[in-house]
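> Quick one: structure below, then a few questions.
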Amino acid sequence: GDTVGLLEAKFPNSAAAGQRIAVALLWKANRTSDGNWQRFVHLDDGNRAQPQVVAQSDAIPANGYGVSLWQIGEVVPDQAVLALPPNLPPGSYALWVGFAASSGSRVAISGGDNQDGRLYLGEIIVH
């Protein structure tokens, strides 16, 4: 199975351009890993064939408590903050999360609708 699974994601379902939105994530370690992974959160235009990312946040999860420190079965709360561009046009956008290894390649995670190494969290309406 996958090393990391997503148990829960909470985020506002609407936001205004220029706003900062908090995405609360709850991870579970299914296996140990020695990877120094970056967690990324993407907001894109919802086009699954050729997504255009409009906002992005990359960080070591849980304020620097990296995946390599997680014990099997441990549940790790994490929060990402996405800054929406002030000129973002109104409309429906798709929120995604994932992990990238130090090589830059994406790491498989379990927890739902998965595409291109990213997990679909849901829709955010920008007004």
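The values are calculated or read from the model by the stated rules, or taken from the named source; none is laboratory data. Just so it is clear, the model here is predicted, and its values are computed rather than measured. Virtual Cβ from ideal backbone geometry, glycine too; neighbours counted across all protein chains shown. Areas reflect the complete protein model, heavy atoms only, side chains present, ligands, DNA and RNA absent. Shrake-Rupley method; radii C 1.70, N 1.55, O 1.52, S 1.80 Å.
> Could you give the dipole magnitude of segment 1-58 about its Cα centre, charging the beta-carbon of Lys and Arg +1 and that of Asp and Glu -1, in debye to the nearest 20? Intermediate values should be presented prior to the final figure.
Numbers: 6 positive and 6 negative charges, 31 e Å.
The calculated dipole for segment 1-58 is roughly 140 debye.
> What are the residues whose amide H is under 5 Å from the amide H of residue 110, where those residues sit 5 or more places off or on another chain and H is modelled from the backbone?
4, 5, 6
> Oh, and also: Of (1) 26, 14, 13; (2) 28, 15, 11; (3) 31, 14, 12, which is the value of semi-axes √(5λ) of the Cα gyration tensor in Å derived from the coordinates here?
Read-out from the structure maps to (1).
> Here's a follow-up. Let me spell out the model: positive unit charges on the Cβ of Lys and Arg, negative unit charges on the Cβ of Asp and Glu, origin at the Cα centre of the chain. What dipole size does that give, in debye rounded to 20?
Computed charge dipole of the chain: roughly 80 debye.
> Let me ask another. Could you give each residue of segment 88-100 its phi-based ³J(HN,Hα) in whole Hz, using Karplus coefficients 6.51, -1.76, 1.60 with θ = phi - 60°, and x for Gly or Pro?
5, x, x, x, 9, 10, 10, 9, 10, 9, x, 10, 10
> Given a Förster distance of 25 Å, report the FRET efficiency between residue 100 and residue 19 from their Cβ-Cβ distance, rounded to the nearest 0.05.
0.50
> Report the full-extension gain for the segment residue 53 to residue 108: residue separation times 0.36 nm, less the Cα-Cα distance, to one decimal in nm.
Full extension of this stretch gives 17.8 nm more.
> Output ³J(HN,Hα) for segment 59-64: one whole-Hz value per residue in order, computed from phi by the Karplus curve 6.51 cos²θ - 1.76 cosθ + 1.60 with θ = phi - 60°, and x for Gly and Pro.
6, 5, x, 6, 6, x
> Roll a 1.4 angstrom probe over the protein heavy atoms and tell me the percent of accessible area of the chain that is carbon or sulfur.
Numbers: 3010 of 6330 Å².
Reported share for carbon and sulfur atoms: 48 percent.
> Using square roots of five times the C-alpha gyration tensor eigenvalues, list the equivalent-ellipsoid semi-axes of segment 63-127 in whole Å, biggest first.
26, 14, 13
> Accessible area per residue, 1.4 Å probe, Å², for the chain: what's the number?
That works out to 50 Å² for each residue.
> For segment 34-127, which chymotrypsin sites (Phe, Trp or Tyr not before Pro) are both in a DSSP coil and crowded by at most 16 other Cβ atoms within 10 Å?
In loop regions of segment 34-127 (DSSP not H, G, I, E or B), the sparsely surrounded chymotrypsin sites (Phe, Trp or Tyr not before Pro) are 65.
> Right, here's the next one. In deg cm²/dmol and to the nearest 500, what is the mean residue ellipticity at 222 nm of the chain if only DSSP H runs of at least 4 residues count, each as -39500 (n - 2.57), divided by the residue total?
-500 deg cm²/dmol
> Ok, one more. Taking amide H positions as placed 1.01 Å from N in the peptide plane, with prolines and chain starts having none, which residues 5 or more places from residue 118, or on another chain, fall under 5 Å of its amide H?
none
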